[in-house]
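Since the structure comes first, as structure tokens, the remarks are kept for the end.
The values are calculated or read from the model by the stated rules, or taken from the named source; none is laboratory data. Small disclaimer: the values here were computed from a predicted structure and weren't measured. Note: ideal-geometry Cβ built from the backbone for every residue, glycine included; neighbour counts use all protein chains shown.
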Amino acid sequence: MMKHAVASALLLLAVPAMATNDINPWYAGVGLGHANWQGVCPDTGVGSTDCDDTDFAFDLFGGYRFNQNFGLELGYVDLGESDWNDDINRRQSNANGVRLGLIGTLPVNEQFAVNAELGGFYYDAEIETTTIDADDSGVQPYVGVGLNYLIDKNLEVGIRYRHFREMKTDTKLFNRHSVNYWGIQLSYHFGAKAKAAATPAPQPVAKPEPAPAPLVVPPPPKPKAVEVAPSTALYFDFNSSEVTGAELNKLTDIARYMEANPKVRAELIGHTDKMGDPDYNRALGMRRAQAVQQQLLQLVDISADRVVVQSKGESTASAQESRSERKVTVNLFGM
């Protein structure tokens, strides 16, 4: 029965879903913590009693995020065991199983997010006493809440609380016992779609020069001047202020144009998407604008007072999470 439950859960996880380009939809991880068993320490009135209702517990899990707010998670949970005895009797209980649940996530900013989960727990519970051994399996609901911190695009740490409800066996000595699980976890995220490389614009083909007259050497042609638009957008990766790739090529053309035209001035305006705190995004927009300014002044020898910077943060963004909003707009004046 356990194998059927695992196979069914894996089949559900394999259902294709549309994920955004900026997140890693697949993840796998491990959680370590402790389990607190409820209702396993009765007072029988027979001499003194000794009870240990907490134990080490662990969770191995993997999942798929449909988008930044919803996902599906499968995990194997070992809830440890509880021990109880008095002067006459002894009882030891343990349980483990497979959980499958829906995960809801609410981002607080670009690093922190809170989540809640609801699902089913297929458990295998056992009890050993001085007189009997019994076990049983079944499916019961579980709920959970947690807090995540995104270290980078691939690594995430979090804390979790889960309540596994009313497991039981075919004996009155183990009837509808619940377990509270507290733990920390580390997960690795992967599977984001690769960004399409920008296709460079085709270069115009120069017409061949007419054949020179005998013994006459024409002067070499002058190099073609760089042409740029009055306004250009440079795009950035998630939570990044580094100018790379095709965006650096665009900035190089702007730098050459300003070097060739000393009266041209540049205004750099930093922007972000709506993910995270507005104050954090305003500071991130300024870091992006200053990074473009510093790179521009390193590429060519121009005066720093020809380049001004400012940040509008998320104030002009229309999307919650989009690369098109994470940019620095370069406006040229005096062209």
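Inspection of region 261-271 finds no residue satisfying the criterion of being part of a helix (DSSP H, G or I) and not assigned by TED's automatic domain parsing to the domain that holds VAL114. Considering only residues of region 272-300 that are in a helix (DSSP H, G or I) and among the small types (Gly, Ala, Ser), which is farthest from GLU321 (Cα to Cα)? Ranking the candidates gives ALA291 first.
Pairing each residue of region 319-332 that is within 14 Å of MET275 (Cβ to Cβ) with any residue that is at pLDDT 85 or above and among the acidic types (Asp, Glu), provided the two are 6+ apart or on different chains, yields C-beta distances under 7 Å for ALA319/ASP273; ALA319/GLU325; GLN320/ASP273; GLU321/ASP273; SER322/ASP273; GLU325/ASP273; ARG326/ASP273.
Residues considered: GLN294, GLN298, GLN290. Of these, the only one that is among the polar types (S, T, N, Q), in contact (Cβ under 8 Å) with a residue 12 or more places away in the chain, outside the structural domain of ASN109 (by TED's automatic domain parsing) and out of contact with any Gly (no Cβ under 7 Å at 6 or more places or on another chain) is GLN290.
Right, VAL300: farther than 29 Å from ASN24 by Cβ and surrounded by 15 or more Cβ atoms within 10 Å (Cβ to Cβ) or not? It is false that VAL300 is farther than 29 Å from ASN24 by Cβ and surrounded by 15 or more Cβ atoms within 10 Å (Cβ to Cβ).
Based on what the data block shows, is GLY158 part of a strand (DSSP E or B) and modelled with pLDDT of 95 or more? Judged against the criteria, GLY158 is a match.
Taking the criterion of being assigned to a strand (DSSP E or B), more than 34 Å from the chain's Cα centre (by Cα), modelled with pLDDT of 85 or more and of a type outside the set (Lys, Arg), would at least one residue in region 173-187 satisfy it? No; the residues of region 173-187 include none that is assigned to a strand (DSSP E or B), more than 34 Å from the chain's Cα centre (by Cα), modelled with pLDDT of 85 or more and of a type outside the set (Lys, Arg).
The residues listed here are TYR257, TYR280; of these, the one that is at pLDDT 90 or above and more than 21 Å from VAL307 (Cβ to Cβ) is TYR280.
Given the condition surrounded by 16 or more Cβ atoms within 10 Å (Cβ to Cβ) and aliphatic (A, V, I, L, M), answer yes or no: does some residue in region 145-155 qualify? Within region 145-155, one or more residues are surrounded by 16 or more Cβ atoms within 10 Å (Cβ to Cβ) and aliphatic (A, V, I, L, M).
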